[in-house]
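This report refers to the structure that appears directly beneath it.
The values are calculated or read from the model by the stated rules, or taken from the named source; none is laboratory data. Keep in mind that this is a model prediction, so the values were computed, not measured. Quick reminder, even Gly has a Cβ in these numbers, built from the backbone with ideal geometry, and neighbours come from all protein chains shown. We work out accessible area using only protein heavy atoms, side chains counted, and drop any ligands, DNA or RNA first. Shrake-Rupley method; radii C 1.70, N 1.55, O 1.52, S 1.80 Å.
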Amino acid sequence: MMNRMINKAWKVTTVGVLAASLAACGSTAKQPAAGGDAAQTPAQTTSKYPEKAITLVAPSGAGGGWDMTARTITKVLSETKAVAKPMSVENKPGGGGSVFMAEYATKDVKDDYKLFVSSPPILINHIKKEGNSPYGYADTTPLAQLTKDYGAVAVAANSKYNDLKSLLDDMKADPTKLTVAGGSAPGSMDHVVAILPAFKYGIDPKKVKYVSYDGGGEAVTALLGGNADVLGTDASSLDQYVKAGKIKILAVAAPQRLENMKDVPTMKEQGVDAEFLIWRGIFGPKNMSADAKKYWEDTLAKMVESDQWKKEVAANNWQTDYKKSDDFKTFLAAQETQLKDVLTALGMQK
């Protein structure tokens, strides 16, 4: 029954910005006057947003998926001149995003000039048992889902493991023998990415030794420094380390091999029936103004169609998977319910 629950929960397809002019925020449509005189127009109402610099927060250290996403967004916005005001990225690591959320959901509820990027941890942190965050997506304004990615299990380049099965065989013999690293808190996304294949292989996930770091970059550093044996994270963030010959990816949790990692087998290919799709999106404060929300909805919708965005997506091994604000919010509610089932099966629900 537990396996059926996991299978049902993980086979969720998530669907996932910024190149538009400021004119998209205003209304300049002409209305015919009484008597059919189209020359008369009503008073125009034009939003002044944005009027100052904008901060995009990556709730992690440098080098991980959130950091890369935030910097890519600001890069595209700058190159396309879609946003007239300066944009900067700010890293706020801690608790796999939960430390930032505690501040954002209480102090920045009306700050239209502070946005942030996130992914499944915003859901997992809110519904898990250990290190639970009282704040979740309902304490924000979801603006758009942008991309999708997949989980991956990796080891250092000099590791004796060359395939997922040999790693899991050793882990099954002694679950405490190997140290698993991730860039998010216990019970959060990287943890689930790492222990899902172990669970599907018949290993008690509660016995697997997991050490959390404040971001994917720090987790990779721990792996390369010999402080961890295995890493669970998103596949796209590992590409630079693979190319540098520092790590090797044993498996990706995708339904088929990734286009830019064709030499890396899926977990299913190695006899482990596990998939983990990772979306990434952008959020604003809970009490965001209508003008700011419309501005970002319009801008993000056009950005995903820009050549600059498509180029960056390809370079980062992502896939555009766009959902507008209302659809994104509906999806988040559905995935939160499914993740509750997963965490319940793993004994990690609150």
[x] 28; [y] 23; [z] 32, with the label sought being that of the calculated percent of Cα pairs over 33 Å apart:
[x]
Tyr322 accessible area, assembled protein chains, probe 1.4 Å, Å²
70 Å²
If Lys and Arg each add +1 and Asp and Glu each add -1, what is the summed charge of the other residues whose beta carbon sits under 12 Å from the beta carbon of Ala62?
-2
Under the classification rounded if a/c is under 1.5, otherwise prolate if a/b is larger than b/c and oblate if not, where does the range 156-278 fall, given a ≥ b ≥ c as square roots of the Cα gyration tensor eigenvalues?
rounded
DSSP-defined beta bridges in the chain - what % are antiparallel, rounded to 5
65 percent
How much accessible surface does Glu336 have with a 1.4 Å probe, in Å² rounded to 10?
30 Å²
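In what sequence, largest accessible area first, do Asp108, Asp229 appear using a 1.4 Å probe? Can you show the working numbers first?
Values: Asp108 15, Asp229 60 Å².
Order by accessible area, largest first: Asp229, Asp108.
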Figure the gain on full extension for Arg257 and Thr46 (residue separation times 0.36 nm, minus the Cα-Cα span) and round it to one decimal in nm.
71.2 nm
Of all DSSP beta bridges located in the range 135-265, what percent are antiparallel, nearest 5?
60 percent
Long-range amide H partners of Ile278, meaning residues 5 or more apart or on another chain whose placed amide H is closer than 5 Å, are Asp149, Tyr150, Gly151
Once amide hydrogens are built 1.01 Å from N within the peptide plane, the residues lying 5 or more places from Thr141 or on another chain with amide H under 5 Å from its amide H are Gly284, Lys286
Could you list which residues have their amide H under 5 Å from that of Ser184, counting only those 5 or more apart in sequence or on another chain, with H placed in the peptide plane?
Asp190, His191, Tyr213, Gly215
Label-point separation, Asp327 to Lys243 (7 Å along Cα→Cβ), nm
3.1 nm
Name the shape class, rounded, prolate or oblate, that the alpha-carbon gyration tensor gives for the range 305-349, where a ≥ b ≥ c are the square roots of its eigenvalues, rounded holds for a/c under 1.5, and otherwise prolate holds if a/b is larger than b/c and oblate otherwise.
oblate
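Expressed in nm to one decimal, what extension gain is obtained for the pair Ser88 and Ala138 from 0.36 nm per residue of sequence separation less their Cα-Cα distance?
15.5 nm
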Once all protein chains are kept in place, Lys268 shows an accessible area at probe 1.4 Å, nearest 10 Å², of 80 Å²
Using the Karplus curve 6.51 cos²θ - 1.76 cosθ + 1.60 with θ = phi - 60°, work out ³J(HN,Hα) for each residue of the range 147-155 in order, rounded to whole Hz, and write x for Gly and Pro.
9, 10, 8, 9, x, 8, 10, 9, 9
Note, the range 86-96: 3J(HN,Hα) by Karplus (6.51, -1.76, 1.60, θ = phi - 60°), whole Hz, Gly/Pro = x, goes x, 10, 9, 9, 10, 8, 10, x, x, x, x
Calculate the spin-label point distance for Asp169 paired with Lys311, positioning each point 7 Å from the Cα along the beta-carbon direction, and give it in nanometres.
4.7 nm
Is the shape of the range 144-187 rounded, prolate or oblate, going by the alpha carbon gyration tensor and its root eigenvalues a ≥ b ≥ c, with a/c under 1.5 for rounded and a/b larger than b/c for prolate?
prolate
When the helices in the chain are scored as -39500 (n - 2.57) per DSSP H run of 4 or longer and the sum is shared across all residues, what 222 nm value do you end up with, to the nearest 500 deg cm²/dmol?
-10500 deg cm²/dmol
What FRET efficiency comes out for the pair Lys207/Lys350, r = Cβ-Cβ distance, R0 = 30 Å, nearest 0.05?
0.90
Relative contact order of the range 227-350, pairs being alpha-carbon contacts under 8 Å that are 6 or more residues apart, as %:
17 percent
Through the Karplus equation 6.51 cos²θ - 1.76 cosθ + 1.60, θ set to phi - 60°, convert the phi angles of the range 314-330 into ³J(HN,Hα) values in whole Hz; use x for Gly and Pro.
5, 5, 9, 6, 9, 10, 5, 9, 7, 9, 6, 3, 5, 5, 5, 5, 5
